[in-house]
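The block underneath contains the structure these notes are about, expressed in structure tokens.
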Amino acid sequence: MPGPVLVPILGDQLTRDLASLRGRTKDDTVILMMEVWDEATYVRHHKQKIALIFSAMRHFAEELRDAGWSVDYTELGNPDNAGSFTGEVARAIERHGPRLVSVVEAGEWRVRQDMEQWADKFACEIEILRDDRFICTQAEFDDWAQDRKELRMEFFYREMRRKTGLLMAEDGKPEGGAWNYDSENRKPPKEGLAAPERPKFEPDAVTQEVIELVDARFGDHFGSLDTFGWPVTREQAEEAADAFFAERIECFGPYQDAMIAGEDDLFHSMLSTSINLGLLDPLELCRRAEEAYREGRAPLNSVEGFIRQIIGWREYVRGFYWHQMPHLQEANALNAQRGLPEFYWTGETDMACLADCIRSTRDNAHAHHIQRLMVLGNFALLAGVNPREVQDWYLVVYADAYEWVELPNVAAMILYADGGKLASKPYAASGNYINKMSNYCAGCTYSPSKKTGKGACPFNPLYWHFMDRHRARLEQNHRIGRIYATWDRMGEERQRDYLDSAEAFLDRLEPARAGWARNG
Ligand code: FAD
Ligand code: DLZ
Ligand code: SF4
């Protein structure tokens, strides 16, 4: 009797329509799901991130069993647990004697490298399938990127619009006449702006058990477990999506870049954790957004902005990751060597914007895009923090963080460590930008209008310090180069003031102690 087909499903592949399950019969298939130490500890993930993934995995296994599938599930506490995907697949091969192991390619380089060894290690046939939950295949991306000196999301996005037909008018032109409505999407937060609360999901018995496990085994990792409210099932994720489309999408666009102290979600969808786990289908979400526009329930600028984040940025960074790996991990075009400041972990800083973003990160394992980019990322860029340390921090602290999406955003988008392959210029900004787009500065000990010396917003001298030390590279950049005329007009004394202020500030920064991000 030939053995069954063994289908390993990884923690971010929680999709019923996964390529490896398609066309399988239930009496001939064993699904393998594995909680393993290697994954739980390759960085010291935020406690909520581990709890979310384990709870979602356990719920998904239950859902599959209820639907009649045979699921072999190894819990972390199992004394025979081999600790790694490869070790657990080996044990499962012994148990089930499969004729074929059919698996969907891993999202991360690290895991895919291991997976590619399986054919040599194991005596049965191994099939690694393409992850078709993404809209753009890697071959398509590589084809598109080939021979381009610069890769730009905007052009890639247009291809994805054409490919999916999303927001396309009948004449092949973009809906409304423009591809991008970002100019309508930069509203600062007005007084009293507040968003409807998003649904939070009370931990059920399964989640509660996982929270206790995480507390016991990973209690010294960064972050709080008290506020856990993430969707852990497809049903809950759909409820979260329903609430977004009913209550928040209308204002999503205009206030996409706004920040308000203590308002952690604003009008963002808060769906990235569910999309990345596989609980929600990104294309289906885009179709729902389009429907909201066509039925007059949401404006074009909001809907186009949402769709661009998903079929534009999300697909683009994924294609870029595989296009640039493995060297993207080591990229450091600006030769940034400073250690990550300790306050990224403790939140203890008198810079109100950073303190609030780090608090939200600790409490929710989430911060919204502009906080990640223009506050936390901008500071790391201007201060010249080493990309490896910044990468580790982002990978640890966000519940939606997997290397394929985290690394391009960190190394290339915020740190310009790839030398400008992904983005046309560094996202460097002074305190003025944060003051315009948030209410943080009103509650800060520093003043954004003070440029140097005591009480000056540190982003101001840091901005000019950054521009000055990278002049040779950035002066040639057509999007940012003109700023040097302003710098030159300041004269030597003013310039010295800026540089001295920045250096005094940088000298006071306390580097993080070892052990926050990685064990040993
Ligand atoms: P919304 O604002 O509602 O956006 C809708 C969706 O668009 C998101 O759910 C997400 O799927 C997608 N999206 C938006 N921007 C991006 C982007 N730049 N890259 C990829 N997808 C995007 N997103 C992650 O999913 N995982 C990460 O590890 C991650 N790390 C980031 C690190 C940095 C430095 C920056 C600047 C951004 C990062 N992002 C990451 C992108 C973005 O910040 C999050 O996807 C977003 O904040 C999630 O919240 P949301 O679901 O409310 O997003
Ligand atoms: C992030 C993560 C964690 C913390 N733990 C597990 C796990 O125990 N089992 C599992 O299947 N997946 C886990 N994940 C998600 C994986 O890291 C993710 O599926 C791969 O790295 C993607 O390549
Ligand atoms: Fe942040 Fe500067 Fe504003 Fe303080 S003054 S909140 S440090 S931007």
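A few notes on this one:
- For PHE218, the solvent-accessible surface with a 1.4 Å probe is about 0 Å², rounded to the nearest 10.
- Here the accessible area is traced with a 1.4 Å probe on the protein chains. For the range 342-382, carbon and sulfur cover 48 percent of it.
- Helix axis angle, 315-324 relative to the chain longest principal axis, alpha carbon, degrees: 90 degrees
- Note on the range 304-371: dipole from Cβ charges, positive end direction compared against ASN335, ASN364, GLY319; the farthest Cα belongs to GLY319.
- Carbon plus sulfur fraction of accessible area for the range 451-515, probe 1.4 Å, in percent: 47 percent
- Solvent-accessible surface (1.4 angstrom probe) belonging to ARG95, in square angstrom, nearest 10: 100 Å²
- Computed on protein heavy atoms with a 1.4 Å probe, the accessible areas place ASP468, ASP363, ASP131 in the order ASP468, ASP363, ASP131, largest first.
- Entry note, the range 162-265: relative contact order of 45 percent, from Cα contacts under 8 Å with a spacing of 6+ residues.
- Cross-link reach list, lysines versus LYS149, counting only Cα pairs under 27 Å and skipping chain neighbours closer than eight places: LYS163, LYS173, LYS421, LYS425
- Sequence-distant residues sharing a close amide H with SER70 (under 5 Å, placed H): ILE31
- Cross-link reach is defined here as a Cα-Cα straight distance under 28 Å, omitting same-chain residues fewer than 8 places apart; for LYS121 the lysines meeting it are LYS26.
- Size of charge dipole - the chain - debye, nearest 20, with Cβ of Lys, Arg +1 and Asp, Glu -1, no other charges: 1800 debye
- Remark: spin-label model distance SER447-ALA205 equals 6.1 nm, labels positioned 7 Å along the Cα→Cβ axis.
- Extension gain, TRP109-GLU250: 0.36 nm per intervening residue step, less the Cα-Cα distance, totals 47.0 nm.
- Net charge of Cβ neighbours under 12 Å - reference ASN439; Lys, Arg +1; Asp, Glu -1: -1
- Of all DSSP bridge pairs formed entirely within the chain, close to 15 percent run antiparallel.
- Shape category assigned to the range 273-317 from the gyration tensor of Cα positions, a/c cut at 1.5: oblate
- For the range 393-494, the Cα-based Rg and Dmax, in that order, read 16.0, 47 Å.
- Charge dipole magnitude, Cβ of K and R +1, D and E -1 - the range 392-520, Cα centre, debye nearest 20: 380 debye
- ³J(HN,Hα) computed for each position of the range 197-203 - Karplus, 6.51 cos²θ - 1.76 cosθ + 1.60, integer Hz, glycine/proline x: 5, 7, x, 10, 10, 4, x
- Our coupling estimate for the range 77-90, obtained by passing each phi through the Karplus curve with A = 6.51, B = -1.76, C = 1.60 and θ = phi - 60°, is x, 4, x, 8, 3, 7, x, 9, 4, 4, x, 6, 5, 4 Hz, Gly and Pro reported as x.
- Other-chain or far-sequence residues with amide H under 5 Å of MET168's (modelled H): GLU175
- Taking a point 7 Å from the Cα of LEU100 along the Cα-to-Cβ direction, the residues of the range 112-131 with backbone N closer than 12 Å to it are 125-129.
- Available extension along the chain between THR25 and GLU154 is 42.2 nm, counting 0.36 nm per residue and deducting the alpha carbon span.
- P(r), alpha carbons of the chain - 10 Å bins starting at zero, rounded %: 4, 17, 28, 27, 16, 6, 2, 0, 0
- For the range 221-348, relative contact order (Cα pairs under 8 Å, six or more residues apart, normalised by length) works out to 24 percent.
- Taking the range 32-54 and a reference point 7 angstrom along Cα→Cβ of SER224, the backbone N atoms nearer than 18 Å belong to 46-52.
- Annotation for ALA504 and GLU475: the two label points, set 7 Å from Cα along the Cα-Cβ direction, are 2.8 nm apart.
- Long-range HN-HN contacts of LEU129 with modeled amide H, under 5 Å: VAL103, VAL104, GLU105
- Listed pairs LYS190/LYS450; LYS187/LYS436; LYS49/LYS200 exceeding 18 Å between Cα atoms: LYS190/LYS450
- Sorting GLU94, GLU510, GLU170 by accessible area puts them as GLU170, GLU94, GLU510; the probe is 1.4 Å, largest comes first, and only protein heavy atoms count.
- Across the range 177-190, rounded Karplus estimates of 3J(HN,Hα) from the backbone phi angles (6.51 cos²θ - 1.76 cosθ + 1.60, θ = phi - 60°) give x, 10, 7, 9, 10, 4, 5, 8, 10, 10, 6, x, x, 8 Hz, Gly and Pro being marked x.
- Sulfur and carbon atoms: percent of accessible area, the range 5-81 [1.4 Å]: 43 percent
- The distance from the alpha carbon centre of the range 113-138 to that of the range 228-257 is 33 Å, rounded to a whole number.
- Solvent-accessible heavy-atom area per residue, rounded to whole Å², over the chain at 1.4 Å: 41 Å²
- In Å², nearest 10: area of GLU35 left accessible to a 1.4 Å probe: 0 Å²
- Within the chain, helix-based [θ] at 222 nm, where runs of 4 or more DSSP H residues each add -39,500 (n - 2.57), nearest 500: -12000 deg cm²/dmol
The values are calculated or read from the model by the stated rules, or taken from the named source; none is laboratory data. Predicted model, so just to flag it, every value in this text is computed and none were measured. As a convention, Cβ positions derive from the backbone with ideal geometry for all residues, glycine included, and neighbour counts pool all protein chains shown. For accessibility, only protein heavy atoms count, side chains too; no ligands or nucleic acids. Shrake-Rupley method; radii C 1.70, N 1.55, O 1.52, S 1.80 Å.
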